[in-house]
Amino acid sequence: MSASHDESATSRTVTPLGGTNLSHPALSQEEAGPYDLVIGGGLLVDPEKGTSSAGDIAVRDGRIAAVVEPGSADGLYAEFFDAHGLLVTPGLIDLHAHVYDHATGLGVAADLAGVRSGVTTVVDAGSSGSDNFADFERTVVAPSTTRVLSWLNISRHGLTRGTTELAGDDDIRSADSIRTILAHRDVIRGVKIRMSRSVVGENGLEPLRAAKRVTERIAAETGRPFPVMVHVGNAPPAFGDVLDLLGAGDVVTHAFHGKAGGLFPEAGSGPLPQARAALERGVRLDVGHGSASFAFDTMERALEYGIRPHTVSTDIHGRNLVGPVHDFTTTMTKLLAAGLTLNETVRAATSEAAESIGLAGRLGSLAVGSVADLALLDRVEDTTPLVDAEGRTRTTGHRLTAVATVRAGVTHRIRKADA
């Protein structure tokens with residue numbers, strides 16, 4: 001650190017954003033600087049406070065050290081990122097992605113779906129199971145710049161043997177799943193199961209019952225909630241029967257698909273009664289866009305009934321990277337086009353996602369002391385039609401694009417070729 005930085009640290013006053021009313025107390029001058037990084041001039045979109053306001057974020061040792069008035073940390077940094085004209089949000093969390101790229105045939109590179117797209121955390125949704133999780137951790141989790149977490153597939157194979165992973169008699173070995181989860185509890189945040197006709201074959205609801213027994217055992221062993229993420233698609237099993245087995249914190253991904261037998265059972269009808277009951281129990285709805293699982297019509301209809309997605313995710317994989325998914329910020333833009341506000345969309349992409357995986361307050365936050373994972377987003381004028389998974393379109397005047405990602409205090413600028 002240069003001498004000028006040291007002198008600045010003793011001569012400047014750092015003004016906390018919002019003065020004495022901050023929920024996090026002001027740091028003393030000695031504590032306040034110098035900083036490793038200051039992101040200045042941006043519009044801070046804070047999902048926990050529900051506010052959008054001008055301010056600077058100061059980072060030290062990979063964590064947010066202060067949120068201050070614009071310009072009040074000038075000269076107190078080793079690195080400065082000029083965020084004028086940009087949105088500054090907590091690091092985006094893709095709750096449903098597929099990044100086991102060398103083993104499944106579907107996966108994409110974690111950093112392509114992650115830091116090169118504004119996403120600091122990707123949660124792989126069931127690409128690996130107990131038989132191959134060690135390889136997934138060694139080849140994907142460890143070498144990636146992006147934080148990679150996992151929903152462990154209840155099928156021992158994950159998706160390494162195709163997409164009928166629950167149709168056989170020996171696909172679930174619950175004891176092996178439990179051992180794997182307990183040995184890797186920091187990375188594995190829940191259990192993934194795909195409950196649609198083509199996956200479970202003649203096994204019906206039994207795979208889901210087995211997954212729930214595993215998650216309940218893990219919750220008892222660890223003392224923290226341990227959710228199941230359920231893929232829903234074509235019946236059987238019926239969507240309502242699946243919902244009846246879910247409890248608080250469990251996640252339904254692909255919740256807003258446009259297929260028959262979904263959230264709205266008939267044309268012109270209200271939401272499925274079991275869906276209302278599940279929401280009241282604390283079941284969470286995730287977008288999980290994918291190649292065939294997000295419909296503008298379903299989302300807009302849900303919003304009319306006051307049903308909003310808890311979380312936004314892409315279900316990104318090698319077959320939808322060039323469309324209709326593209327990337328995480330495109331999925332966020334589609335939610336804006338469907339009627340969500342910017343604050344609602346950012347909350348679903350950050351703090352709500354962190355809550356779903358038991359990391360609320362550590363990730364998905366702009367609070368002092370949280371991990372310095374941040375996304376710097378631009379709102380680009382763009383009238384190109386946005387396409388859902390059914391080929392229907394909506395047009396907005398702007399599109400969200402990622403300019404840079406800060407992962408644990410380290411800045412990763414995104415080149416146009418990455419976007």
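Bear in mind these aren't lab numbers, they're just calculated from the coordinates by the rules spelled out. Just so you know, these numbers come straight off a predicted model, no measurement behind them. Note: ideal-geometry Cβ built from the backbone for every residue, glycine included; neighbour counts use all protein chains shown.
Could you order the peptides 276-284, 309-317, 225-233 from most to least packed, using the average number of other C-beta atoms within 10 Å per residue?
Working: 276-284: 16.7, 309-317: 26.9, 225-233: 23.0.
Ranked from most to least packed, the peptides come out as 309-317, 225-233, 276-284.
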Problem set entry | Principal axis dimensions, largest first and in whole angstrom, of region 287-375 by Cα | 39, 34, 20
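Shape call for region 263-419 from the C-alpha gyration tensor, a ≥ b ≥ c root eigenvalues: rounded (a/c under 1.5), prolate (a/b greater than b/c) or oblate?
Numbers: a/c = 2.06, a/b = 1.25, b/c = 1.64.
Here region 263-419 falls in the oblate category.
Provide the percentage of antiparallel DSSP beta bridges, counting only those with both residues in the chain; round to the nearest 5. Walk me through the numbers on the way to the answer.
Values: 33 of 66 bridges.
The answer is about 50 percent antiparallel.
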Problem set entry | Packing-based order for 140-152, 210-222, using average beta carbon neighbours within 10 Å, highest first | 140-152, 210-222
Problem set entry | Virtual spin-label span in nm between R197 and A260, 7 Å along Cα→Cβ | 0.8
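With the convex hull built on the Cα atoms of region 134-269, state its orientation-averaged projected area in nm². Provide the component values of the computation, followed by the final result.
Values: hull surface 36.1 nm².
Spelled out: convex hull of the Cα atoms, projected over all directions, averaged, 9.0 nm².
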Exercise. What is the gain in length, in nm to one decimal, between A183 and V410 on full extension, counting 0.36 nm per residue of separation less the C-alpha to C-alpha distance?
Worked result: 78.8 nm
For this session: Mind giving me the nanometre distance, one decimal, between the label points for T145 and E221, set 7 Å out from Cα along Cα→Cβ?
Result: 3.5
Seminar exercise, completed: Kirkwood Rh over alpha-carbon pairs of region 157-210 plugged into Stokes-Einstein at 4 °C, 1.567 mPa s gives a D in µm²/s of 108
Seminar exercise, completed: Across 20 Å bins beginning at 0, the whole-percent shares of Cα-Cα pair distances in the chain come to 28, 55, 16, 1
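Working out 0.36 nm times the residue gap between T384 and D61, then minus their Cα-Cα distance, what length gain in nm do you get to one decimal? Don't skip to the answer; put the middle values down first.
Working: separation 323, 0.36 × 323 = 116.28 nm, distance 4.07 nm.
Additional length available on full extension: 112.2 nm.
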Exercise. Ranked highest first by average number of other Cβ atoms within 10 Å, how do 80-90, 298-308, 116-126 line up?
Worked result: 116-126, 80-90, 298-308
Problem set entry | Kirkwood hydrodynamic radius of region 91-199, from inverse mean 1/r over distinct Cα pairs, in Å | 13.6
Exercise. Around H96, with a cut-off of 11 angstrom between Cβ atoms, what is the net charge of the other residues, counting Lys and Arg +1 and Asp and Glu -1?
Worked result: -3
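For the chain, what is the mean residue ellipticity at 222 nm derived from helices alone (per DSSP H run of n ≥ 4: -39500 (n - 2.57); sum divided by total residues; nearest 500 deg cm²/dmol)?
After summing the helix terms and dividing by the residues of the chain, the value is -6500 deg cm²/dmol.
Can you tally the net charge around I193? Count Lys and Arg as +1, Asp and Glu as -1, for every other residue whose Cβ sits under 13 Å from the Cβ of I193. Walk me through the intermediate numbers first.
On the way: positive: R156, K192, R194, R209, K212, R213; negative: E165, D171, E206, D250.
For residues surrounding I193, the net value is +2.
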Seminar exercise, completed: From the Cα centre of region 254-309 to that of region 92-113, the distance in Å is 25
Exercise. Mean 1/r over all different Cα pairs, inverted: what Kirkwood radius does region 208-304 give, in Å?
Worked result: 13.9
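Under the Kirkwood approximation applied to all pairs of distinct alpha-carbon atoms, what is the hydrodynamic radius of region 40-119 in Å? Walk me through the numbers on the way to the answer.
On the way: mean 1/r = 0.0679 Å⁻¹.
Here the Kirkwood hydrodynamic radius works out to 14.7 Å.
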